[in-house]
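Q: Okay, here's the structure, questions in a sec.
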Amino acid sequence: MTILDHNLIPESLDSYWMPFTPNRQFKEKPRFIVKARGMYYFDSNDHKVMDASAGLWCVNAGHYRTHINEAIRQQLEELDFAHSFNSGHPLAFQYAERLVQHFPAPLRHVFFTNSGSESVDTALKIAIAYHKVCGKGSKHRLIGREKGYHGMGFGGVSVGGLVKNRSSFGPLLPGVDHIRHTLDTKQNAFSRGLPAHGAELADDLQRLVDLHGADTIAAVIVEPVAGAGGVVMPPEGYLQRLREICTKNDILLIFDEVITGFGRLGASCAAERFGVTPDIMTTAKGITNATIPMGAVFVSDTIFDAFMAMPDPGVELNHGYTYSGHPLACAAAMATLDIYESEDLFTRARDLNDHWMDSALKLQQAPNVTDIRCLGFIGAIDLAARDGAPAARGMDVARRCYENGVWMRNIGDTLVLSPPLIITREEITQIFDTINEAIRACE
Ligand SMILES: Cc1ncc(COP(=O)(O)O)c(C=O)c1O
């Protein structure tokens, strides 16, 4: 049997229905990525581009980490797969014990999934089931936030706040409501780090409590820093206030840290960076440096203990996935953690934060830049839309940057940056210099 050369350009592109992609446009002018090393991707034209997005916010330790590759290879030799339904393999337990040491107490228990979407749906289900276990079965409403992105499972889409992701899929989950988003470009444009105005927007949760009754609400889920909704930072004091309202009303606070977990903000997670601890935290992406799909939902001792105290000694949570705690994923995750620890990657975005923010905010001088949001290794640059052609300028600038060696995503007219945490000062400068040139060239 021969191994296929995956780098050959395919003859037909018809069968593969690509996710979140205008398939017809892509297939008319396809772009193939064929290799990755460190901070860089190589496309099928042998063009080298810096990966300013860490894949999709996931290759936090950079590409082609031989330590991770080797760990996966060795695990394959030993145990390719064993399920975790009333069975177990040691690595999942060892990894869970080690993983929780890095995250704020009391989030000391993890439920493994295979993606961010599964982590979110798992977290929502745990929240509702927790209240039932505590004898409060009426608490089943879920609250999300406008502009929120929580993956594409039905639960995640229901609590999500992006109209394009919601509008094609019918009525979604019942009993879901949303608080207001916190993007305020009038008061907070060009904030250095967290915006000063808007903590009071957390009181919108109190409005929903007053509307629905605290005894009907299970949980509120927010991204501490919203990503796919265009990168929205939490105003100073906002998350603290959300926490207070949740605690007061016996509502679980879920932080969706699928993009902010694993070092993106210069700490293990946003909860640690901002000093606000949720009851449940969802993660994925950086957990395995994106080599093998995996996610982890962290829950507090209180939640875990409530399930473990159920009088019925049977299955405490009728939920799980065939690949929860997959041995290859655990091996990849363990090796990824080795790298995060040995290279101090969780604190790197903090060490280089001033240079990141200085470099980003310099773009304020460039034409058509209407806002910049930056913190840790996250950046967003809003460009004014061209008359009658929304997203055209964003697309042109991103395309020119790609041609000039830096690959980032544009969400409409917003350029979004989330590079691998191994990025150097010089590479940070290069990213923003490249954007600066492209913005001026694409006026
Ligand atoms: C905050 C957040 N939650 C959930 C998800 C979904 O993750 P996945 O695509 O792995 O299902 C994402 C993906 O970008 C995300 O940004």
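Q: Return the only residue of 286, 229, 261, 275 being modelled with pLDDT of 95 or more and on the phi > 0 side of the Ramachandran plot.
A: After ruling out the rest, the residue left standing is 275.
Here is a yes/no grid of residues against (1) out of contact with any Pro (no Cβ under 7 Å at 6 or more places or on another chain); (2) among the aliphatic types (A, V, I, L, M); (3) under 19 Å from residue 251 (Cβ atoms):
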{"site": "115", "(1), (2), (3)": "no, no, no"}
{"site": "125", "(1), (2), (3)": "yes, no, yes"}
{"site": "131", "(1), (2), (3)": "yes, no, yes"}
{"site": "136", "(1), (2), (3)": "yes, no, yes"}
{"site": "141", "(1), (2), (3)": "yes, no, yes"}
{"site": "144", "(1), (2), (3)": "yes, no, yes"}
{"site": "147", "(1), (2), (3)": "yes, no, no"}
{"site": "155", "(1), (2), (3)": "yes, no, yes"}
{"site": "161", "(1), (2), (3)": "yes, no, yes"}
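Q: As an exercise: evaluate residue 239 against (1) touching a Phe, Trp or Tyr at 6+ places or on another chain (Cβ under 7 Å); (2) touching a residue at least 40 places away in the same chain (Cβ under 8 Å) and give the number of the one condition it does not meet.
A: Of (1) touching a Phe, Trp or Tyr at 6+ places or on another chain (Cβ under 7 Å); (2) touching a residue at least 40 places away in the same chain (Cβ under 8 Å), only one is false for residue 239: (2).
Q: Please list, ordered by first then second residue, the pairs with beta carbon atoms under 8 Å, 6 or more apart or interchain, first in the stretch 307-324 and closer than 14 Å to residue 115 by Cβ, second assigned to a helix (DSSP H, G or I) and among the small types (Gly, Ala, Ser).
A: So the pair list comes out as 323/329.
Q: Specify which of the listed residues (144, 151, 155) is part of a loop (DSSP other than H, G, I, E, B) and either closer than 20 Å to residue 306 by Cα or modelled with pLDDT of 95 or more (or both).
A: On the way: 144 fails: part of a loop (DSSP other than H, G, I, E, B); 155 fails: part of a loop (DSSP other than H, G, I, E, B).
When all the criteria are applied, what remains is 151.
Q: Mind checking which pairs have a first residue in the stretch 141-168 that is on the phi < 0 side of the Ramachandran plot and of a type in the set (Lys, Arg) and a second that is within 14 Å of the ligand (Cβ to nearest atom) and not in a loop (DSSP other than H, G, I, E, B), Cβ under 9 Å, 6 or more apart or different chains?
A: 145/159; 145/221; 145/222; 145/226; 166/157; 166/158
Q: Residue 111 fails exactly one of the following numbered conditions: (1) within 16 Å of the ligand (Cβ to nearest atom); (2) exposed (fewer than 14 other Cβ atoms within 10 Å of the Cβ); (3) of a type in the set (Phe, Trp, Tyr). What is the number of that condition?
A: (2)
Q: Please verify whether the stretch 148-163 includes one or more residues that are more than 16 Å from the ligand (Cβ to nearest atom), of a type in the set (Ser, Thr, Tyr), outside the structural domain of residue 373 (by TED's automatic domain parsing) and crowded, with 21+ Cβ neighbours inside 10 Å. Talk me through it step by step, then tell me what you get.
A: Pass one, the stretch 148-163, residues more than 16 Å from the ligand (Cβ to nearest atom): 163.
After this cut, where a residue has to be of a type in the set (Ser, Thr, Tyr) as well, the list is none.
Within the stretch 148-163, not a single residue is more than 16 Å from the ligand (Cβ to nearest atom), of a type in the set (Ser, Thr, Tyr), outside the structural domain of residue 373 (by TED's automatic domain parsing) and crowded, with 21+ Cβ neighbours inside 10 Å.
Q: Whether any residue in the stretch 118-129 is among the acidic types (Asp, Glu), over 16 Å from residue 219 (Cα atoms), within 22 Å of the chain's Cα centre (by Cα) and at pLDDT 95 or above is what I want to check. Outline the logic, then answer.
A: Residues of the stretch 118-129 among the acidic types (Asp, Glu): 118, 121.
Narrowing the set further to residues that are over 16 Å from residue 219 (Cα atoms) leaves 118.
Filter once more, so that each one left must be within 22 Å of the chain's Cα centre (by Cα): 118.
When the remaining residues are screened for being at pLDDT 95 or above, the result is 118.
Looking for residues that are among the acidic types (Asp, Glu), over 16 Å from residue 219 (Cα atoms), within 22 Å of the chain's Cα centre (by Cα) and at pLDDT 95 or above, one finds at least one in the stretch 118-129, hence yes.
Q: Looking at (1) in contact with a strand residue (DSSP E or B) (Cβ under 6 Å, 6 or more places away or on another chain); (2) within 13 Å of the ligand (Cβ to nearest atom), can you tell me which one residue 205 breaks?
A: (2)
Q: If I filter the stretch 273-297 down to residues being more than 15 Å from the ligand (Cβ to nearest atom) and farther than 26 Å from residue 39 by Cα, which single residue comes out as surrounded by the fewest Cβ atoms within 10 Å (Cβ to Cβ)? Let's see the steps before the verdict.
A: Within the stretch 273-297, the subset more than 15 Å from the ligand (Cβ to nearest atom) is 273-277, 279.
Still in the list and also farther than 26 Å from residue 39 by Cα: 274-277, 279.
Working: 274: 22, 275: 12, 276: 21, 277: 19, 279: 24.
Restricting to residues being more than 15 Å from the ligand (Cβ to nearest atom) and farther than 26 Å from residue 39 by Cα, the top hit is 275.
Q: Check off (1) of a type in the set (A, V, I, L, M, F, W, C); (2) in contact with a strand residue (DSSP E or B) (Cβ under 8 Å, 6 or more places away or on another chain); (3) within 19 Å of residue 63 (Cα to Cα) for residue 292 and give me the number that stays unchecked.
A: Failed condition: (2).
Q: Scanning the stretch 291-308 for residues that are aromatic (Phe, Trp, Tyr) and in contact with a Phe, Trp or Tyr (Cβ under 8 Å, 6 or more places away or on another chain), which turns out nearest to residue 256 (Cα to Cα)? Step through it out loud before you land on a result.
A: Taking the stretch 291-308 as the starting set, the residues that turn out to be aromatic (Phe, Trp, Tyr) are 298, 304, 307.
Now restrict to residues that are in contact with a Phe, Trp or Tyr (Cβ under 8 Å, 6 or more places away or on another chain): 298, 307.
Values: 298: 10, 307: 22 Å.
My answer is 298.
Q: Got a sec? Which of 314, 325 is more than 16 Å from the ligand (Cβ to nearest atom) and at positive phi?
A: Numbers: 314 fails: at positive phi.
Being more than 16 Å from the ligand (Cβ to nearest atom) and at positive phi holds for just one of 314, 325, which is 325.
Q: Conditions first: (1) within 10 Å of the ligand (Cβ to nearest atom); (2) assigned to a loop (DSSP other than H, G, I, E, B); (3) in contact with an Asp or Glu (Cβ under 7 Å, 6 or more places away or on another chain). Residue 120 passes all but one, so which condition is the exception?
A: Of everything listed in (1) within 10 Å of the ligand (Cβ to nearest atom); (2) assigned to a loop (DSSP other than H, G, I, E, B); (3) in contact with an Asp or Glu (Cβ under 7 Å, 6 or more places away or on another chain), residue 120 misses just condition (2).
The values are calculated or read from the model by the stated rules, or taken from the named source; none is laboratory data. Just so it is clear, the structure is predicted and the values come from calculations on it, not from any experiment. Reconstructed Cβ throughout: ideal geometry from the backbone, glycine too, with neighbour counts over all protein chains shown.
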